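Student: Attaching a single structure in structure tokens format; questions to follow.
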Amino acid sequence: MLRLLALPALLILIGLSSAAEKPNIVVIYADDLGYGDLSCYGHPTIHTPHLDRMAAEGVRFTEFYSAAEVCTPSRAALLTGRYPVRSGMASSKRRVLFPESKGGLPPSEITLATALHGAGYATAAVGKWHLGHLSPHLPTDHGFDSYFGIPYSNDMDRRAELGPRGRAAFLEPKSEYWNVPLMRDKEILERAPDQTQLTRRYTDEAVKFIRSHREGPFFLYLAHSMPHVPLFRSKAFEGISRRGLYGDVVQEVDASVGRVLDTLKELGLQQRTLVVFSSDNGPWLIFDQQGGSAGLLRDGKGSTWEGGMRVPGIFWWPDTIPAGQICRDWASTMDIFATGLAIAGVPLPADRTIDGQDIRPLLTGGGSVPREGFFYYRGTDLFAARTGPWKAHWKTQTGYGQKAPDDHQPPLLFQLDVDPGESWSQSETHAAEVSAIDAAVARHRATLKPVENQLEK
Ligand code: MG
């Protein structure tokens with residue numbers, strides 16, 4: 001494998017790159033996009049040629065996880081490389097931050113932006129934040145030089161006096177129904193911005209940032225508000241998808257990815273830039289046609305079934321990541337932190353547990369990453385865990401609409417390679433696999449420390 005790589009790529013991989021050659025990093029994050037919503041993940045009627053091309057030129061993961069099943073904790077995990085229970089950014093009572101919330105990502109957390117900024121990177125966050133909309137929790141408090149976007153979900157600050165009640169407002173959405181702020185850095189620019197323009201405006205900001213920092217190195221975090229309900233797309237995307245409004249919205253996000261990749265190519269930065277695409281959690285299934293699809297996986301957003309947490313994961317870095325790979329080892333959004341620091345030549349923080357791992361061996365196709373296991377939390381409760389292909393559930397609960405979890409003793413046990421849809425439990429015949437998962441959970445729990453809950457403030 002190594003002899004196939006160009007020399008600069010080889011030097012980057014083994015950490016000898018000079019400061020001037022530090023690679024740029026771009027993370028593009030969709031909101032509530034399901035595992036089955038892209039054509040390169042098998043969707044029959046949503047057409048995503050830009051993400052398909054990104055996958056064809058890079059590596060596409062079949063078992064890529066968000067570290068949470070809803071927005072706020074998954075974003076905390078992505079930016080810190082840690083399970084959100086470690087930062088106080090998970091709660092079983094208040095599952096995400098709301099406009100009246102006082103808490104947010106604690107200043108003591110080290111984000112990918114903070115770490116890269118310290119290594120000389122220009123940093124920008126564009127789009128949805130959802131890690132606290134008050135200082136000291138805003139992007140510019142957490143290592144980003146600039147911020148432009150809505151600091152929480154686009155369905156918050158509902159103006160109940162406008163439009164139809166309840167779900168009906170989502171089925172015929174108008175921007176004015178949601179009085180969300182659009183911010184630049186720490187200032188509110190607009191209230192109830194025209195949400196049909198969000199994807200385009202975020203992309204304009206992202207492209208502008210790349211152009212003005214072409215000398216590098218830079219870190220761009222582009223977190224789309226879409227396709228989280230209420231769904232909006234600009235005029236040019238109206239009716240272009242056979243999948244209806246949801247498909248139109250995903251196709252506009254796809255076109256945004258195309259603009260970012262094209263800009264990098266136009267500026268000759270493609271060999272110096274790692275681009276990652278993923279989603280914060282599975283599809284919001286209770287919204288029927290307004291929600292996405294987890295493909296063959298079970299359940300969706302809000303649940304610890306695979307459909308809630310397994311998401312698209314695509315990595316692109318021409319010449320360093322060989323084109324056209326499919327990686328079938330599991331990985332997670334937490335690995336982006338550890339991998340980003342590694343390619344920037346920044347050591348991992350030594351004073352805390354980092355759950356993500358450097359996955360360059362998977363990206364280059366040449367190796368594997370030793371893993372303890374993956375732990376599926378719903379809020380602060382550990383519902384399930386996997387080691388290798390085996391996943392045990394002690395509790396199960398559908399994403400929305402089930403009041404209390406079902407308890408399982410012995411746990412349900414699924415072999416995800418054989419049964420990715422988690423249809424038939426094998427715990428009765430595989431006690432040894434259950435014991436191995438129990439042991440991994442015990443080791444994981446021993447690393448947890450009590451922290452102040454940020455979502456319940
Ligand atoms: Mg989400």
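Student: Could you run through segment 253-289 and say how many residues are open to solvent by 10 Å² or more (accessible area, probe 1.4 Å), touching a helix residue (DSSP H, G or I) at 6+ places or on another chain (Cβ under 6 Å) and charged (D, E, K, R)?
Tutor: 1
Student: Quick one: which helices (runs of 4 or more DSSP H) lie wholly within segment 41-133 and hold at least 2 residues that are under 26 Å from residue 182 (Cα atoms)?
Tutor: 71-80, 112-118
Student: Pairs only if they're at least six apart or on different chains, beta carbon under 8 angstrom, first in segment 31-54 and outside the structural domain of residue 316 (by TED's automatic domain parsing), second among the basic types (Lys, Arg) and at pLDDT below 95; list them, first residue then second.
Tutor: none
Student: Of all residues in segment 311-334, which are open to solvent by 10 Å² or more (accessible area, probe 1.4 Å) and not aliphatic (A, V, I, L, M)?
Tutor: 318, 319, 322, 324, 325, 327, 328, 329, 330
Student: Select from segment 193-229 the residues that are in a loop (DSSP other than H, G, I, E, B), touching a residue at least 60 places away in the same chain (Cβ under 8 Å) and open to solvent by less than 10 Å² (accessible area, probe 1.4 Å) and list them in ascending order.
Tutor: Those that are in a loop (DSSP other than H, G, I, E, B), touching a residue at least 60 places away in the same chain (Cβ under 8 Å) and open to solvent by less than 10 Å² (accessible area, probe 1.4 Å): 224, 225, 226, 227, 228, 229.
Student: Further, regarding this structure: Can you report the number of residues in segment 56-82 which are within 16 Å of residue 451 (Cβ to Cβ) and open to solvent by 10 Å² or more (accessible area, probe 1.4 Å)?
Tutor: 1
Student: I'm trying to understand the selection: among the residues of segment 286-314, which are in contact with a strand residue (DSSP E or B) (Cβ under 8 Å, 6 or more places away or on another chain) and of a type in the set (A, V, I, L, M)?
Tutor: Within segment 286-314, 294, 297, 309, 311, 314 qualify.
Student: Right, another one. Which one is farthest from residue 144 (Cα to Cα) among residues in segment 171-185 that are surrounded by fewer than 19 Cβ atoms within 10 Å (Cβ to Cβ) and of a type outside the set (A, V, I, L, M)?
Tutor: 172
Student: Residue pairs, Cβ under 6 Å, 6 or more apart or interchain, first in segment 153-171 and in contact (Cβ under 8 Å) with a residue 40 or more places away in the chain and among the aromatic types (Phe, Trp, Tyr), second open to solvent by less than 50 Å² (accessible area, probe 1.4 Å) and away from the ligand (no atom under 16 Å from the Cβ). List them.
Tutor: Close Cβ pairs (under 6 Å, with a partner that is open to solvent by less than 50 Å² (accessible area, probe 1.4 Å) and away from the ligand (no atom under 16 Å from the Cβ)) do not exist here.
Student: Further, regarding this structure: Go through segment 391-405 residue by residue and tally those that are closer than 13 Å to residue 307 by Cβ and aromatic (Phe, Trp, Tyr).
Tutor: So the answer is 1.
Student: Could you tell me which of the residues 268, 295, 324 is over 19 Å from the mean Cα position of the chain (by Cα), within 26 Å of residue 44 (Cα to Cα) and either away from the ligand (no atom under 13 Å from the Cβ) or assigned by TED's automatic domain parsing to the domain that holds residue 383 (or both)?
Tutor: Exactly one of 268, 295, 324 is over 19 Å from the mean Cα position of the chain (by Cα), within 26 Å of residue 44 (Cα to Cα) and either away from the ligand (no atom under 13 Å from the Cβ) or assigned by TED's automatic domain parsing to the domain that holds residue 383 (or both), namely 324.
Student: Somewhere in segment 99-118, is a residue open to solvent by 10 Å² or more (accessible area, probe 1.4 Å) and farther than 30 Å from residue 354 by Cβ?
Tutor: Within segment 99-118 (the criterion being open to solvent by 10 Å² or more (accessible area, probe 1.4 Å) and farther than 30 Å from residue 354 by Cβ), the answer is yes, since at least one residue qualifies.
Student: Within segment 379-390, can one find any residue that is of a type in the set (Val, Ile, Thr), out of contact with any Pro (no Cβ under 7 Å at 6 or more places or on another chain) and touching a residue at least 60 places away in the same chain (Cβ under 8 Å)?
Tutor: Within segment 379-390, one or more residues are of a type in the set (Val, Ile, Thr), out of contact with any Pro (no Cβ under 7 Å at 6 or more places or on another chain) and touching a residue at least 60 places away in the same chain (Cβ under 8 Å).
Student: Continuing with this model, one more query. I'd like the full set of residues that are in contact with a Lys or Arg (Cβ under 8 Å, 6 or more places away or on another chain), under 19 Å from residue 317 (Cβ atoms) and more than 13 Å from the ligand (Cβ to nearest atom), limited to segment 21-60.
Tutor: 21, 23, 24, 40
Student: Further question on the same structure: What number of residues within segment 361-390 satisfy the criterion of being within 16 Å of residue 447 (Cα to Cα) and not in a strand (DSSP E or B)?
Tutor: 4
Here's the yes/no breakdown for (1) in the same structural domain as residue 104 (by TED's automatic domain parsing); (2) at pLDDT 95 or above; (3) closer than 30 Å to residue 352 by Cβ; (4) surrounded by 11 or more Cβ atoms within 10 Å (Cβ to Cβ):
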site: 402; (1), (2), (3), (4): no, no, no, yes
site: 408; (1), (2), (3), (4): no, yes, no, yes
site: 415; (1), (2), (3), (4): no, yes, no, yes
site: 419; (1), (2), (3), (4): no, yes, no, yes
site: 427; (1), (2), (3), (4): no, no, no, yes
site: 432; (1), (2), (3), (4): no, yes, no, no
site: 436; (1), (2), (3), (4): no, yes, yes, yes
site: 440; (1), (2), (3), (4): no, yes, yes, yes
site: 450; (1), (2), (3), (4): no, no, yes, no
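Student: What are the pairs, 6+ residues apart or on separate chains, where a residue within segment 277-298 that is more than 18 Å from residue 64 (Cα to Cα) and outside any loop (DSSP other than H, G, I, E, B) has its Cβ under 8 Å from a residue that is among the aromatic types (Phe, Trp, Tyr) and within 16 Å of the ligand (Cβ to nearest atom)?
Tutor: Going by the 8 Å Cβ cut-off, the qualifying pairs are 285/400; 286/400; 287/170; 289/246; 290/170; 290/246; 290/284.
Student: For segment 228-264, enumerate the residues that are over 26 Å from residue 176 (Cβ atoms) and more than 24 Å from the chain's Cα centre (by Cα).
Tutor: Within segment 228-264, just 242 meets the criteria.
The values are calculated or read from the model by the stated rules, or taken from the named source; none is laboratory data. None of the values given here were measured: they were computed from a predicted structure. So basically every Cβ, Gly included, is an ideal-geometry build from the backbone, and we count neighbours across all protein chains shown. Only protein heavy atoms, including side chains, enter the accessible area calculation; ligands, DNA and RNA are left aside. Shrake-Rupley method; radii C 1.70, N 1.55, O 1.52, S 1.80 Å.
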